[in-house]
Amino acid sequence: MSHSLGWYHTPTPTGFVLHLSATPDHLRATRALIGKTLADAGADEGQSYAVQLVMSELFGNAVRACGDFVPLVAEVAVEPPQRFGGGAERGVRVRLHDPYRLALPVRAYVRLDDLEVESGRGLPLVDLLAPGWRVAGTPVGKQVRCRIPAQGESGA
């Protein structure tokens, strides 16, 4: 476990767990760690970007629901390779935990291509990139659980 910049980073065999507070610097560092972790696992750039975008949206939703500097636990895990077509590709599991069990994500029902709105695209993007995501209550809050499929999976 390493401690740096006010966060605790625990590598796992397939990714990492971070204990951090919700700040812009921590989000940037989390995105960079996702990029490095997925590059080391052989994920393509498009999937890495999708995972970073999903984590950013979950992070932003946690800040809107719970406030700045809320304590969060971010987890990323790369799945074992699956064979699709000619190559081995991996799905990625993303989880974000916050302490406010009742502050659930709220859908704005905004079209992704609506140029007039300034916000509200986050959950539709998560729907697109991580179909079937869900929220689970925990003894100390809630956890948003997502799976970003490998590019070759049907429905990806």
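Listing for the model above:
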quantity	calculated
Of all residues making up the stretch 1-52, the number that are over 10 Å from V78 (Cβ atoms), more than 14 Å from the chain's Cα centre (by Cα) and among the small types (G, A, S)	6
Selected residue (only one of R121, R107, R111, R93 is basic (K, R) and modelled with pLDDT of 80 or more)	R93
Residue tally, condition outside any helix (DSSP H, G or I) and of a type in the set (A, V, I, L, M, F, W, C), over the stretch 14-39	5
Single condition P11 does not satisfy, out of (1) in a helix (DSSP H, G or I); (2) at pLDDT below 95	(1)
Test: residue in the stretch 141-148 that is out of contact with any Lys or Arg (no Cβ under 6 Å at 6 or more places or on another chain) and at pLDDT below 95	no
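The values are calculated or read from the model by the stated rules, or taken from the named source; none is laboratory data. As the structure is a prediction and not an experimental result, all values here were calculated from the model. Cβ sites come from the backbone with ideal geometry, for glycine too, and all protein chains shown count toward neighbours.
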